[in-house]
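Trainee: Below is a structure I'd like to ask you about.
Derivation of every value follows stated rules applied to the coordinates shown; laboratory data play no part. Keep in mind it's a predicted model, so treat the numbers as computed, not measured. Don't worry about glycine lacking a Cβ; one is built from the backbone with ideal geometry, like all the others, and counts go over all protein chains shown.
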Amino acid sequence: MLKVGLTGGIAAGKSVVGEMFVALGARLVQADRIAHSLMQPGEAVYNEVVRHFGREILNRDGSVNREKLAEAAFGPAKKAAGSKLASRIEELNRIVHPVVIRSQDAWMQEMGRQDPHAVAIVEAALILEAGAGEHFDRLVVVTCNEEQRVARFAARQKIDLEAARKEVARRMAAQLPDEEKIKAAHYVVDNSGSLDQTREQVRQVWEKLRAEARQL
């Protein structure tokens with residue numbers, strides 16, 4: 001089995017690229033969904049997050065309000081990124097990342113049991129930031145230009161471009177820049193063009209990943 005990490009900055013199009021890989025035959029899991037399941041009431045991660053960030057991040061039914069948690073971790077959108085904000089997101093990451101990484105590893109092991117020649121992809125924004133790069137055989141980085149990133153984030157969050165630009169800058173401050181991610185990548189998918197152009201890049205990368213998986 002070939003273990004592949006799929007990563008990139010916020011709103012680069014990781015999920016779109018992931019869906020394209022799945023359509024070609026890849027197995028895929030999203031780290032964000034794993035984290036979401038771990039933050040359900042009663043889970044150990046949920047209890048730790050509430051202990052560190054307070055019950056102010058919860059909805060009335062006790063579930064985590066992800067927008068409130070993001071504000072607590074990153075700081076208010078109007079506030080510039082700084083050491084205090086970084087320490088809070090690092091605090092959240094220290095709680096969540098180790099458990100998510102263990103879950104990812106367990107999932108990849110299960111995929112390998114089901115198919116020794118599978119291409120198992122973990123889609124995660126912070127693979128390198130979490131120090132999890134060594135858990136994968138190959139790393140695919142998705143990139144796009146800044147204006148597209150902002151426009152996509154605005155559309156996804158249903159906010160105006162100026163608000164999206166501030167929020168993207170705030171969140172990107174907690175991530176490695178694309179240049180650093182690209183240096184660590186085995187393959188890069190530039191999602192700045194049309195979907196057809198992205199799909200063709202994914203197809204070319206898939207052929208290489210599939211060939212590598214067959215050799216294992």
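Trainee: Long-range amide H contacts for A130: which residues qualify at under 5 Å (H placed 1.01 Å from N, peptide plane, sequence gap of 5 or more or a different chain)?
Mentor: It is none; the list stays empty.
Trainee: Please give the peptides 35-45, 114-124 ranked by average Cβ packing (other Cβ atoms within 10 Å per residue), highest first, as a rough proxy for protection. Walk me through the intermediate numbers first.
Mentor: Values: 35-45: 13.9, 114-124: 20.1.
The packing order, highest mean first, is 114-124, 35-45.
Trainee: What are the ³J(HN,Hα) couplings of the range 114-126, residue after residue, when phi is run through the Karplus curve with 6.51, -1.76, 1.60 and θ = phi - 60°? Round to Hz, x for glycine and proline.
Mentor: 6, 8, x, 10, 6, 9, 9, 10, 9, 8, 8, 6, 10
Trainee: Additional query: Compute, for the chain, the length of the dipole vector about the Cα centre, with Cβ point charges of +1 (Lys, Arg) and -1 (Asp, Glu) only. Units Debye, rounded to 20.
Mentor: Charge dipole of the chain: 360 debye, to the nearest 20.
Trainee: Could you give the length gained by full extension between A169 and A44, i.e. 0.36 nm per residue of separation minus their alpha carbon distance, to one decimal place? Provide the component values of the computation, followed by the final result.
Mentor: Details: separation 125, 0.36 × 125 = 45.00 nm, distance 3.10 nm.
Going from the current span to full extension adds 41.9 nm.
Trainee: Listed highest first by mean packing, meaning other Cβ atoms within 10 Å per residue, what order do 21-28, 58-65 come in? Don't skip to the end; give the middle numbers.
Mentor: Details: 21-28: 17.1, 58-65: 12.2.
Top to bottom by mean Cβ count within 10 Å: 21-28, 58-65.
Trainee: Between Q109 and R55, what FRET efficiency comes out of the Förster formula 1/(1 + (r/R0)^6) with R0 = 41 Å and r the beta carbon distance, rounded to 0.05?
Mentor: 0.70
Trainee: Another question, then. Ranked highest first by the average count of other Cβ atoms within 10 Å around their residues, in what order do 138-151, 198-211 fall? Let's see the in-between values first.
Mentor: Values: 138-151: 19.8, 198-211: 16.6.
In decreasing order of mean packing, 138-151, 198-211 become 138-151, 198-211.
Trainee: Further question on the same structure: Taking amide H positions as placed 1.01 Å from N in the peptide plane, with prolines and chain starts having none, which residues 5 or more places from L28, or on another chain, fall under 5 Å of its amide H?
Mentor: HN-HN under 5 Å from L28: I121.
Trainee: Which whole-Hz ³J(HN,Hα) couplings does the range 90-101 yield from phi under the Karplus relation 6.51 cos²θ - 1.76 cosθ + 1.60, θ = phi - 60°, glycine and proline marked x?
Mentor: Ordered by residue, 3J(HN,Hα) equals 5, 4, 5, 5, 5, 6, 8, 4, x, 6, 4, 4 Hz.
Trainee: Across the chain, how many lysine pairs, 8 or more positions apart or on different chains, have C-alpha atoms separated by under 18 Å? Please give the number.
Mentor: Total qualifying Lys-Lys pairs in the chain comes to 15.
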